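The values are calculated or read from the model by the stated rules, or taken from the named source; none is laboratory data. Treat the numbers as computed from the prediction; the structure is a model and nothing was measured. All Cβ positions, even for glycine, are placed from backbone atoms using ideal geometry, and neighbour counts span all protein chains on display.
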Amino acid sequence: MAETQVAISPYSKRKRPQISYYEGYSEDSDRYESDDSTAGSRPSKKSKRTPKSSRPLPKRKIFPFLSLPAELRNAIYALALTEENGIYLVSKTKNYRRVVELAPSNQLPRSNYPTIRHRRGYVAFSNPGEKETPKAVPNLATALLATNRQIYSEALPILYSNTFMLEDTTALHAFMANLNPKTRSLLETISIRSWGRTKSHKALNHPGLTMLAEAVNLKRLHFDTHIAGGGGPQRVARQIYRDGFHWLEAVGTAKGKKDAAVELIEVLEGNWQRYSRTTRREELEGRGPQHDLEAFRDELRKLLGGVAEKRSLKKKPKKSKKSIRYGIYI
């Protein structure tokens, strides 16, 4: 009897899913078929969630932001990166590092000085008005700058076109130290709220203003504070020149005019208000705040080597002096 040989396949038998080539197949039709009476007896299979794909979205689903006109893109940058009331920065120490952080713009009551009082020969400022409700910290969408290089280069000048209000010269130093030369050159308006007077902060007046040497495109540098202890316009000009001559001379070199920075500086009017019996008489003679402002600028131009502007001042009539010598009037 001949033996029958059985061929053994090297591959194990496995069930293969039945493939349907019917084009009209859909999940809806399968769902409706399961509503039959026979479907109730079949055990329902749990649907497995498909893992989210890590593939990027197709190009047809991405909004073409860069294809918008430049005017619309700039309008969007302005809404996301500018603050109408300015950006107020205060100095903080984090992890033994001096940094600045955002704060409400009306947090410090030294921004305006409506009343002035005397105290042991020094002029002090106070604000007796009611306390304002704290404003919210501005929420700027700075993450927009990390999108790509084109958006970064377009939006960066708009961000630094804001008015940056610094709590004091310590905050100014910390703010400028964390900027690179490119961003320093984009600054337009800076307002300093307080001038360092204590021993620990006095040394940062000069370093803070020295950091502005690369900010040659500033359109306005405002000192919203009292400088030099109320010593008059000449003394205020000398104090600003002593601590900020690096920036003053850098602007003059960039603009091609030695005293170009003089017109960019604004100083609180209370710096040269006099509180003596001659105040009223000086105002009647035309030597009021405007005269003091011009005297401040003239002194600053003189220190920078510029030419002082010619001004017409009302001169007091000279009184004839009489002296008696040996009983004879001369």
Filtering the range 164-195 down to residues that are free of Cβ contacts under 8 Å to residues at least 12 places away in the same chain and under 12 Å from the mean Cα position of the chain (by Cα) yields LEU179
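Output the number of residues of the range 75-103 satisfying the condition of being closer than 19 Å to THR147 by Cα, surrounded by fewer than 14 Cβ atoms within 10 Å (Cβ to Cβ) and touching a residue at least 24 places away in the same chain (Cβ under 8 Å). Please lay out each step first, then the result.
Just the residues of the range 75-103 that are closer than 19 Å to THR147 by Cα, to begin with: 75-82.
Then keep just the ones that are surrounded by fewer than 14 Cβ atoms within 10 Å (Cβ to Cβ); that gives 75, 78-79.
Right, trim to touching a residue at least 24 places away in the same chain (Cβ under 8 Å) and you get 78.
Final tally of qualifying residues: 1.
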Matching residues, the range 166-181, being touching a Lys or Arg at 6+ places or on another chain (Cβ under 6 Å) and closer than 13 Å to PHE223 by Cα: GLU167
Scope the range 67-95; condition small (Gly, Ala, Ser) and outside any helix (DSSP H, G or I); matching residues: GLY86, SER91
Could you list, in sequence order, the residues of the range 115-155 that are closer than 22 Å to THR189 by Cα, loosely packed, with under 13 Cβ neighbours inside 10 Å and at pLDDT below 90? ALA136, ASN139
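May I ask you to list the residues in the range 136-155 that are part of a helix (DSSP H, G or I) and within 13 Å of the chain's Cα centre (by Cα)?
Pass one, the range 136-155, residues part of a helix (DSSP H, G or I): 142-146, 149-155.
Scanning the range 136-155 gives a single hit, THR142.
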Residue check: is SER185 out of contact with any Lys or Arg (no Cβ under 8 Å at 6 or more places or on another chain), closer than 23 Å to PHE223 by Cα and modelled with pLDDT of 55 or more? yes
